[in-house]
Amino acid sequence: MLEFPAPGLFITGANGCGKTNLLEAVAYLSSGKSIRLKPDSELVRFGQEFFRLSGEVEYSGSRHTIEVACDTNHIKTISIDSVQIDRLSELYRGFKTVYSAPGDVEIVTGSPGERRRFFDLAIAQHDVTYLDYLRRYRQVLKQRNQLLKERFNRAEKEAWDNSFVEATLPVIEKRLSYLDEFRPVLREYYRDISGEKEELQVEYKFEIPTSSGEKFQESYLKAITTSEDREREQCRTLFGPHLADWDFLLDGKRVRSFASQGQNRSIAIALRLVQAEMVKRSTGESPVLMLDDVLAELDASRRSNILNMLHGQHQVLIAAPDIGDYRDFNLPVLNLTDKPERGSVL
Ligand SMILES: Nc1ncnc2c1ncn2[C@@H]1O[C@H](COP(=O)(O)OP(=O)(O)OP(=O)(O)O)[C@@H](O)[C@H]1O
Ligand SMILES: [Mg+2]
């Protein structure tokens, strides 16, 4: 058993000693999935048949036990306080973690799918009803795509279009209201990271043009109707939240085209810090914030600005091979190269 002190822990040790593995175990208790997007079967120790994970965590003002057991045949059971849960979304209501890793730079520079994954998970963590809307939307989208592959009559098509637009609206509304709150915090955090030098903006890219006086719903239906031929040809829905994107602008210029590597990395870290702040705002409790060796490649002033911003904010778990800049942060240190014995308590 490992005990994580309230301010957090600095986890160090040589490459491959298991630092990310430990953070992954903590994050698994909040999402029921691998943060590295690995299938469960790859999380089972080589040569073994199953893995088990158990953690005592605090949320909603009290202590809870989350247990996971999973075998190589993908049979997984998760329980909270000894009661088995049916859906992973039940985990989202309780214990919350935010994991920041070098790979997050893909949220900034990668394909729109990376940004959708980031925002969809962040919004679900902030407001668990979003998951229900998203699930409904995906279901209707799948059925509509199926319809487009088949022969259909007008009435059928109209009915599907209407239910598609209906399923779309709450998803877009939630994305927009989350962004309204997210945007000013991101601007403030990024200014702090860059030392008041740079202004970061984020916008949700609408796929439907809304002309003045026209309701969004009407424009949406019109766009769908006029693109029917193309949709039939491609057998898929060409509008909707499953294709949407977010644009980052740094001092008014598109980040994806103009930002430097260090700027991209700073934005990726800022996004996670804002995600954590948003959880705190919606629940009144800080999530566990994990930083997996994210400060390498940033200049000294950005590194110290980020560390200063973390002070006293969340329980912070930092993983890095060398203590370097983190020395001043004064967290208890766990060196995994020293291989703590099973059952040791920090
Ligand atoms: N299914 C598995 N069973 C046993 N060992 C595994 C399994 N999957 C990965 N490993 C090993 O676990 C070790 C721990 O990896 P981890 O990514 O946690 O290291 P790390 O300390 O974060 O390293 P780095 O400093 O390079 O990021 C690696 O040596 C890896 O090869
Ligand atoms: Mg690692």
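Looking at region 4-18, can you tell me whether even one residue there is in contact with a Ser or Thr (Cβ under 6 Å, 6 or more places away or on another chain), at pLDDT 90 or above, closer than 26 Å to residue 284 by Cα and away from ligand 2 (no atom under 16 Å from the Cβ)? Walk me through it before giving the result.
Step one: list which residues in region 4-18 are in contact with a Ser or Thr (Cβ under 6 Å, 6 or more places away or on another chain), which gives 13-14, 17.
In the following step, the residues that additionally are at pLDDT 90 or above were identified as 13-14, 17.
Subsequent filtering for residues that are closer than 26 Å to residue 284 by Cα retains none.
No; the residues of region 4-18 include none that is in contact with a Ser or Thr (Cβ under 6 Å, 6 or more places away or on another chain), at pLDDT 90 or above, closer than 26 Å to residue 284 by Cα and away from ligand 2 (no atom under 16 Å from the Cβ).
All but one of (1) without any contact (Cβ under 8 Å) to a residue 40 or more places away in the chain; (2) over 25 Å from residue 121 (Cα atoms) hold for residue 326; which doesn't?
So the condition that residue 326 fails would be (1).
Can you tell me which of (1) in contact with a helix residue (DSSP H, G or I) (Cβ under 6 Å, 6 or more places away or on another chain); (2) open to solvent by less than 20 Å² (accessible area, probe 1.4 Å); (3) more than 20 Å from residue 177 (Cα to Cα) is the one residue 72 doesn't meet?
In the conditions (1) in contact with a helix residue (DSSP H, G or I) (Cβ under 6 Å, 6 or more places away or on another chain); (2) open to solvent by less than 20 Å² (accessible area, probe 1.4 Å); (3) more than 20 Å from residue 177 (Cα to Cα), residue 72 misses (2) alone.
Filter region 19-59 down to residues that are at positive phi and either over 23 Å from the mean Cα position of the chain (by Cα) or open to solvent by 20 Å² or more (accessible area, probe 1.4 Å) (or both), then give me how many there are. Working first, answer last.
So in region 19-59, the residues at positive phi come out as 32, 37, 47.
Within this subset, residues satisfying the condition of being either over 23 Å from the mean Cα position of the chain (by Cα) or open to solvent by 20 Å² or more (accessible area, probe 1.4 Å) (or both) are 37, 47.
Number of matching residues: 2.
Among the numbered criteria (1) away from ligand 2 (no atom under 16 Å from the Cβ); (2) touching a residue at least 40 places away in the same chain (Cβ under 8 Å); (3) open to solvent by 30 Å² or more (accessible area, probe 1.4 Å), which single criterion is violated by residue 102?
Of (1) away from ligand 2 (no atom under 16 Å from the Cβ); (2) touching a residue at least 40 places away in the same chain (Cβ under 8 Å); (3) open to solvent by 30 Å² or more (accessible area, probe 1.4 Å), only one is false for residue 102: (1).
So which of 109, 129 is within 28 Å of residue 169 (Cα to Cα), over 11 Å from the mean Cα position of the chain (by Cα) and in the same structural domain as residue 245 (by TED's automatic domain parsing)? First the steps, then the outcome.
Values: 109 fails: in the same structural domain as residue 245 (by TED's automatic domain parsing).
Exactly one of 109, 129 is within 28 Å of residue 169 (Cα to Cα), over 11 Å from the mean Cα position of the chain (by Cα) and in the same structural domain as residue 245 (by TED's automatic domain parsing), namely 129.
Looking only at region 154-177, which residues are in contact with an Asp or Glu (Cβ under 8 Å, 6 or more places away or on another chain) and surrounded by 20 or more Cβ atoms within 10 Å (Cβ to Cβ)?
Filtering region 154-177 down to residues in contact with an Asp or Glu (Cβ under 8 Å, 6 or more places away or on another chain) leaves 157, 174.
Result: 174, single match.
Do we find a residue being at pLDDT 90 or above and more than 23 Å from residue 286 (Cα to Cα) anywhere in region 93-104?
Of region 93-104, the ones at pLDDT 90 or above are 94-104.
Now restrict to residues that are more than 23 Å from residue 286 (Cα to Cα): 103.
Yes, region 93-104 contains at least one residue that is at pLDDT 90 or above and more than 23 Å from residue 286 (Cα to Cα).
Exactly one condition in (1) among the hydrophobic types (A, V, I, L, M, F, W, C); (2) within 16 Å of ligand 2 (Cβ to nearest atom); (3) touching a Lys or Arg at 6+ places or on another chain (Cβ under 6 Å) is false for residue 69; which is it?
Tallying (1) among the hydrophobic types (A, V, I, L, M, F, W, C); (2) within 16 Å of ligand 2 (Cβ to nearest atom); (3) touching a Lys or Arg at 6+ places or on another chain (Cβ under 6 Å), residue 69 fails exactly one: (2).
So, residue 151, is that one open to solvent by 60 Å² or more (accessible area, probe 1.4 Å), outside the structural domain of residue 259 (by TED's automatic domain parsing) and either free of Cβ contacts under 8 Å to residues at least 60 places away in the same chain or touching a helix residue (DSSP H, G or I) at 6+ places or on another chain (Cβ under 9 Å) (or both) or not? Steps first, answer last, please.
On the way: open to solvent by 60 Å² or more (accessible area, probe 1.4 Å): yes; outside the structural domain of residue 259 (by TED's automatic domain parsing): no; either free of Cβ contacts under 8 Å to residues at least 60 places away in the same chain or touching a helix residue (DSSP H, G or I) at 6+ places or on another chain (Cβ under 9 Å) (or both): yes.
Spelling it out, it is not the case that residue 151 is open to solvent by 60 Å² or more (accessible area, probe 1.4 Å), outside the structural domain of residue 259 (by TED's automatic domain parsing) and either free of Cβ contacts under 8 Å to residues at least 60 places away in the same chain or touching a helix residue (DSSP H, G or I) at 6+ places or on another chain (Cβ under 9 Å) (or both).
Please report, ordered by residue number, the helices (runs of 4 or more DSSP H) entirely within region 1-114 with at least 3 residues that are within 16 Å of ligand 1 (Cβ to nearest atom).
Details: elements: 19-31, 89-92, 105-109.
So the answer is 19-31.
Among (1) open to solvent by 30 Å² or more (accessible area, probe 1.4 Å); (2) among the charged types (D, E, K, R); (3) without any contact (Cβ under 8 Å) to a residue 40 or more places away in the chain, there is one condition residue 3 misses while meeting the rest; what is its number?
(3)
Give the residues of region 314-329 that are closer than 21 Å to residue 287 by Cβ and modelled with pLDDT of 85 or more, sorted by residue number.
Step one: filter region 314-329 for residues closer than 21 Å to residue 287 by Cβ, giving 314-320, 326, 329.
Hits for region 314-329 are 314, 315, 316, 317, 318, 319, 320, 326.
What is the one condition in (1) assigned to a helix (DSSP H, G or I); (2) over 26 Å from residue 57 (Cα atoms) that residue 279 does not satisfy?
Checking residue 279 against (1) assigned to a helix (DSSP H, G or I); (2) over 26 Å from residue 57 (Cα atoms), the one that fails is (2).
Quickly run through region 313-324 and pick out the residues that are within 16 Å of ligand 1 (Cβ to nearest atom) and open to solvent by 50 Å² or more (accessible area, probe 1.4 Å). Write out each step before concluding.
If we filter region 313-324 for residues that are within 16 Å of ligand 1 (Cβ to nearest atom), which is where we start, we get 317-324.
Once the filter is applied, which keeps residues that are within 16 Å of ligand 1 (Cβ to nearest atom) and open to solvent by 50 Å² or more (accessible area, probe 1.4 Å), region 313-324 yields only 322.
Please identify the pairs in which a residue from region 122-141 that is assigned to a loop (DSSP other than H, G, I, E, B) has its Cβ atom under 7 Å from the Cβ atom of a residue that is basic (Lys, Arg), counting only partners at least 6 apart or on another chain.
Hits for this filter: 127/174; 128/93.
Any idea how many residues of region 70-91 are in contact (Cβ under 8 Å) with a residue 24 or more places away in the chain and of a type in the set (D, E, K, R)?
Selection size over region 70-91: 2.
Kindly indicate whether residue 298 is under 19 Å from residue 106 (Cβ atoms) and either open to solvent by 10 Å² or more (accessible area, probe 1.4 Å) or outside any helix (DSSP H, G or I) (or both). Break it down stepwise before answering.
Values: under 19 Å from residue 106 (Cβ atoms): yes; either open to solvent by 10 Å² or more (accessible area, probe 1.4 Å) or outside any helix (DSSP H, G or I) (or both): yes.
For residue 298, the condition - under 19 Å from residue 106 (Cβ atoms) and either open to solvent by 10 Å² or more (accessible area, probe 1.4 Å) or outside any helix (DSSP H, G or I) (or both) - is met.
Pick from region 330-346 the residues that are polar (S, T, N, Q) and open to solvent by 50 Å² or more (accessible area, probe 1.4 Å): which of them is modelled with the lowest pLDDT? Walk me through how you get there before you give the answer.
If we filter region 330-346 for residues that are polar (S, T, N, Q), which is where we start, we get 330, 335, 337, 344.
Still in the running and open to solvent by 50 Å² or more (accessible area, probe 1.4 Å): 330, 335, 337.
On the way: 330: 84, 335: 93, 337: 87.
Once the filter is applied, the top-ranked residue is 330.
The values are calculated or read from the model by the stated rules, or taken from the named source; none is laboratory data. What you see is a predicted model, and the numbers here were worked out from it, not measured in a lab. Counting neighbours? That spans all protein chains shown, and the Cβs are built from the backbone with ideal geometry, glycine included. The area values use the complete protein model at the heavy-atom level, side chains included, leaving out ligands, DNA and RNA. Shrake-Rupley method; radii C 1.70, N 1.55, O 1.52, S 1.80 Å.
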